Amino acid sequence: MRLRIKICGLKYAENIQAVAALQPDYMGFIFYPRSLRYVGREFQLPGGRPWPAARVGVFVNENHRNIIYLARQHRLTHLQLHGNETPEFCAKLYQAGFTIIKAFGLHGGFDFRLLQAYKGAVHYFLFDTLSEGYGGTGKTFNWTLLNGYQLDVPFFLSGGLSAEVLKQNTLPAHPQLHALDINSGVEDRPGWKNTLKIQELLHIIKQYDHEIPG
């Protein structure tokens with residue numbers, strides 16, 4: 001099974017187009033005003049060429065109406081919920097026709113049984129490094145924690161991923177590992193991605209395509 005790639009935290013039109021040309025599977029745009037990578041109120045996705053990637057909007061404790069409005073305005077295909085959203089909240093957006101990614105920050109005492117309630121309300125989970133700021137730490141978590149995840153819902157792996165990290169560490173051989181979520185590890189500055197770093201990372205990831213179960 002092919003390991004998919006999400007480049008998240010994109011913000012600037014020229015850079016968005018350059019990253020899109022590399023054909024990642026997912027491109028993420030943050031609609032959380034407290035993030036350094038917040039796209040802003042005047043944000044518009046650049047046009048002029050077909051989009052090869054799924055468009056992911058990242059939201060944190062946003063209200064349902066605003067999420068739907070922004071998703072339709074920006075032609076988002078996926079909604080990544082990075083706050084304290086309940087299974088019922090996720091289900092409403094799921095039923096509205098969006099693909100739902102629910103994020104959780106992992107730590108040593110994390111109880112994976114809590115995720116059972118989200119089955120049928122999300123399409124994917126995203127596992128990130130626990131932080132008070134809802135992600136964006138640039139740090140990896142202890143991947144052995146994933147041994148406790150037994151559900152059949154695929155997940156994105158996030159948290160400080162970069163070419164350097166992947167050179168020094170072997171990705172977890174988990175059957176539900178669907179995609180890597182890349183953000184600060186390929187940046188020159190918040191919101192501006194370095195395409196050479198992305199190309200290097202894509203080259204490294206190709207070696208995993210034949211190693212992932214599925």
Next item on the list: Kindly provide the set of residues from the range 23-34 that are touching a strand residue (DSSP E or B) at 6+ places or on another chain (Cβ under 8 Å) and part of a loop (DSSP other than H, G, I, E, B), ordered by number.
Entry: Pro24, Asp25, Phe31, Tyr32
Notebook entry, point to check: Among all residue pairs at least 6 apart or on different chains, which show Cβ distances below 8 Å where the first residue, located in the range 149-160, is within 15 Å of Arg113 (Cα to Cα) and among the acidic types (Asp, Glu) and the second is modelled with pLDDT of 95 or more and open to solvent by 10 Å² or more (accessible area, probe 1.4 Å)?
Noted result: Asp152/Gln176
Next item on the list: Could you look through the range 47-67, keep only residues that are assigned to a loop (DSSP other than H, G, I, E, B) and of a type in the set (A, V, I, L, M), and pick out the one that is surrounded by the fewest Cβ atoms within 10 Å (Cβ to Cβ)?
Entry: Ala53
Next item on the list: Hey, could you check the range 144-203 for residues that are polar (S, T, N, Q) and touching a strand residue (DSSP E or B) at 6+ places or on another chain (Cβ under 7 Å) and say which is farthest from Lys6 (Cα to Cα)?
Entry: Gln176
Next item on the list: Within the range 135-161, work out how many residues are open to solvent by 10 Å² or more (accessible area, probe 1.4 Å), part of a loop (DSSP other than H, G, I, E, B) and farther than 19 Å from Ile30 by Cα.
Entry: 8
Next item on the list: Looking only at the range 34-74, count how many residues are modelled with pLDDT under 95 and touching a His at 6+ places or on another chain (Cβ under 7 Å).
Entry: 1
Next item on the list: Check off (1) open to solvent by 20 Å² or more (accessible area, probe 1.4 Å); (2) in a helix (DSSP H, G or I); (3) hydrophobic (A, V, I, L, M, F, W, C) for Ala71 and give me the number that stays unchecked.
Entry: (1)
Next item on the list: Can you give me the number of residues within the range 4-46 that are basic (Lys, Arg) and open to solvent by 60 Å² or more (accessible area, probe 1.4 Å)?
Entry: 3
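The values are calculated or read from the model by the stated rules, or taken from the named source; none is laboratory data. This structure is a prediction, so every number in the text was calculated from the model and none was measured. Positions of Cβ are backbone-derived with ideal geometry, glycine not excepted, and every protein chain shown enters the neighbour counts. All accessible areas refer to the heavy atoms of the entire protein, side chains included, with ligands and DNA or RNA removed. Shrake-Rupley method; radii C 1.70, N 1.55, O 1.52, S 1.80 Å.
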